[in-house]
Each structure stands twice: as C-alpha cells, then as structure tokens.
1. Pick from the range 23-77 the residues that are of a type in the set (Val, Ile, Thr) and surrounded by fewer than 13 Cβ atoms within 10 Å (Cβ to Cβ): which of them is nearest to the chain's Cα centre (by Cα)?
2. Do we have PRO150 as at pLDDT below 95, within 19 Å of the chain's Cα centre (by Cα), open to solvent by 30 Å² or more (accessible area, probe 1.4 Å) and under 30 Å from THR12 (Cα atoms) here?
3. I need a count of the residues in the range 312-371 that are in contact (Cβ under 8 Å) with a residue 60 or more places away in the chain, assigned to a helix (DSSP H, G or I) and open to solvent by 20 Å² or more (accessible area, probe 1.4 Å).
4. Cβ-Cβ distance below 7 Å, separation of 6 or more or different chains: which pairs start in the range 65-84 with a residue that is farther than 17 Å from LEU209 by Cα and end on one that is assigned to a loop (DSSP other than H, G, I, E, B)?
5. For a quick check of your reading: which strands (runs of 3 or more DSSP E) sit entirely within the range 168-235 and have at least 1 residues that are closer than 21 Å to ALA283 by Cα, open to solvent by 50 Å² or more (accessible area, probe 1.4 Å) and in contact with a helix residue (DSSP H, G or I) (Cβ under 6 Å, 6 or more places away or on another chain)?
6. Pairs needed: first member in the range 272-294, assigned to a loop (DSSP other than H, G, I, E, B); second member anywhere, among the small types (Gly, Ala, Ser) and open to solvent by less than 10 Å² (accessible area, probe 1.4 Å); C-beta distance under 7 Å; at least 6 residues apart or different chains.
7. Please find, within the range 379-406, the residue that is farthest from TYR157 (Cα to Cα) out of those that are over 27 Å from the mean Cα position of the chain (by Cα) and acidic (Asp, Glu).
8. Can you pull out every residue in the range 106-117 that is modelled with pLDDT of 95 or more and either surrounded by 15 or more Cβ atoms within 10 Å (Cβ to Cβ) or aliphatic (A, V, I, L, M) (or both)?
Amino acid sequence: MNNDVIESLVSTVIQSYKYVGFTNDTIHERDLYLTLLTCVLVKSPNLDNLITEFKQKKSNHEFLATVRKYSTNELLTPALRAFLNELVELTNNSDGALVFHEVFQLSDNSDIQKLSRQDSVTLYTRVLQRLQAMNLPDHFAADFSYQALPFSFAELYSKLLQPQPKSRVYDPYAVTGESIVDFALQNQSVCITTESVNQSSRYIRHQLLIAGVSELNTMNSFALDPATNVKKGEFDYAITLLQPSIYSEIEDIRGDNSKALKGNYEENRIPKAVLKSRFWEHALIHHMLYSLNDSGKAVIITGKGPLSRHSDFHSRKQLVDNNQIDAIIQLPPKLLDARTVPLFAIVLNKKRSNKDKITFIDARNCYTPDAGINILTSIDDIAEAYRNQNSQSIKLELVTPDKVIKHGYSLNVDTYVAHDKRDYEDIDVDAVQQALLKQQRHTDLIIRKLNSIFAIG
C-alpha cells in the first residue's frame, strides 16, 4: 500500500489514542491500546466476530466476559487464545469501555481492511514508535522521525534454510524482532519461539500474530541463563543476528574475563571450555545447536571475531571436529550502519556426512551503496552457491575439515578463498590484533626496564 496511506492511518490511530484520554502514558495504557490494535490488524474471522460482539457491550464486566469466552474457544489457534488471556489481564486493571469502543471502530476503516499483513506490521511498528516517544514534542507530528530499523536478514535466512510449513524456528536473541517478523511474513505456517532480554517480547508477539503465525512463544528471557528456557532438540531451525562492535572484534589483550558467563551449565549444552571466553557468541552457537533436532540447521550473523579469536579456539575445534559447520559466508561491510565492520553468516548443520566439505563463500561484493550504508544484493546467487556448492558469479571454495585443522581451526573466509583485490573498507582484524599485541609486548618491556631502574635507585 502507498506509504502516504499508511502514514495517514498512523495519524488516525494516534488521534484515537489521544481521544481515549491516555495522557499519563503509562506502559499499561500503551500495552492495552496496542493489544486492542492487534485485534483489529490480525486477519482472523474469529477475532472479527469478537470485535462485532464487543461493539454491542457497554460495561467493563461485559467486555471481560466476552474476552474470557473467546480465550477458551477451541476454534482459535493456541497463539490467539494466549493473546486473549493477555488482553484479560490488561483489562482487569483498567476501565476499558471507552478504549475498547474507540479502537474497535478502526476495524470499519476501509483502508485498514485493505492492508496486507506486511502493511499491517508496518502500521503497528510506526504506531509503537510514536507511542514510545510520547515524551518527545514531535510524537504526533506529521514529519515524525522514525527510528531506522536495522537491515533484516530474513530473506537470506529463508533462502539458505528453505523451511517447510509447520517447521519450528527459534531466535534466541530477537532484540526487537524485526528479522524474525520478516521471516514469518516470508514463511507462512512456521512455528516461532523467541527470547529477548528487553521488554519487547509483547510487541514481538503482536507483530508475529499480525504476520499470521498461529503457534508462537515470545519470552522475555536470556537464552544463556544456566537453566535453559527451551528443550533439547526442540527446533528444526535456529536463526539470530549477533550485532558486532569493533571492540568485540579485537581480542582484549588484557585478558579481561569480567563478562564471561558464570553458572552451572550442562556440558552437552555449553561446554566448559567455551564458557572460559569473555565473549559469548560461541556460547550462544552451542546453545542453538543444543536446541536443534538431529537434522536441524542454524544461521548466525556475526562479526569476524568468533571466526579467529584465540579465546574461541576450543569452540571452533569442537564445531569442526564434530562436523557441524556447513558454510561460512563473508557478507559486505556496512549492512547495519555506517561502520566498516564486516559481517559473516555461519551456517550450522547437524546432519552432515563425514564426506561433506565446508563451503567458504566470498559475498563481500554483493551490495548496492545507499545513503552511507550498503544493501545486500544477489541473495538468490548466494543461496544457490551454498546449496549447489558451485557458482559462476560468486567466489567459493570447498574445504575439507582436515585443511581447516591444518590452519589452526581458523574459519576466516580469506584463509581459503583467493581474491584479487581487498576492499579498502575491510578491516583485517588478525593484522590489527597482532599489531596491538606487538605494541603491548614493547610497552611491557619498557615498563620492566623502568621498574628495574627505580628498584636500583
């Protein structure tokens, strides 16, 4: 749908929010309104019937009775019944008569009725951003500045994994959920579980319902808690983005372990050797493998550090020795923002043959510049190169695990794929790390000499 139409609908929804008198802008008010808006945007005949009944009710008691009736309706999906129980809890603590009537009038808006699921998600996320900015002077302004969403890797995930209907998909680090929601829009009938450490799990749940997911579980939890929140072998696929920073890409020469995970973890979930690292990307990788069934696959988008850092050596060794790495794909830099840190897709596969080689793919040039960042392109070509282990347009090498072992378990694409020209934006993390270590040794030598001089004096 035309962007101007969607923005006009955003304005209509925000004016409705103002009309019901939610001037205190409590989280409870916001969540109640967004939950009711989700009822309007979800394409479900049963919810349409619920809204029709609501329009005839007068009191908060009648509203609650109607919601409770539908929350036990076996014709509704488990996800929708759980969602209605959420609505019961929110309504219990407020007088919802006015807000119910006001929001449900939006269901009669002809433009809202015409929205696709993608457009409905867009409408919801824009309204959410405005309501989260209620303390800003321009939150109702026509020229409101929406927060730029990070690049979604949903299409890359989808084409690398090709999930079947009813597949169980897990994102252990969903943050605000953009990629998993896009993934759901592209792969109808998948079942989705997410974990998120911030308070966005409710809003992720709303967007997944709007996207058409019938079975879901969005948890406000930390995937790497010592007590796991998911079952061993529960999922067919796992996907996540671990957004790197330049600081985490360079090994800490001081050996600071203050951020290392602590607690009693099952060895078959996260090995002790992996827990020793102050970086926790590999802990999450092993947790994702733990969550997959025997034929499961995972895609992790991360920086270069986990592929080469010394502190992650034991994890890489275990992954290679256990034959669980299917491919390493180097992606272009600047996909998330204007920083130059390159990204990589690590593809894991728990059903590899002992004869299978690891596919190293160089897709760093698959992008189009756009306003200071890069847009990933040639996703079909990247996915075909991975599946066919051959490509006329993208450089790749098939490497035996023995060769990776000979290279010290390095998983850097540059180690195995020859290329003619280095991109000036690429950062050679290994070279930077070695230079820093050399400088540190030189500094240590000077300090020892100075200490010896003062000691003599």
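The values are calculated or read from the model by the stated rules, or taken from the named source; none is laboratory data. Small disclaimer: the values here were computed from a predicted structure and weren't measured. Ideal geometry is used to build each Cβ from the backbone, glycine not excepted, and the neighbour counts take in all protein chains shown. The area values use the complete protein model at the heavy-atom level, side chains included, leaving out ligands, DNA and RNA. Shrake-Rupley method; radii C 1.70, N 1.55, O 1.52, S 1.80 Å.
1. Residue satisfying both the conditions and the ranking: ILE27.
2. yes
3. 3
4. THR66/LYS57
5. Result: 216-220.
6. Taking only residues 6 or more apart or on different chains, the pairs are PHE279/GLY305.
7. Among those that are over 27 Å from the mean Cα position of the chain (by Cα) and acidic (Asp, Glu), it is ASP402.
8. Once the filter is applied, which keeps residues that are modelled with pLDDT of 95 or more and either surrounded by 15 or more Cβ atoms within 10 Å (Cβ to Cβ) or aliphatic (A, V, I, L, M) (or both), the range 106-117 yields ASP111, ILE112, LEU115, ARG117.
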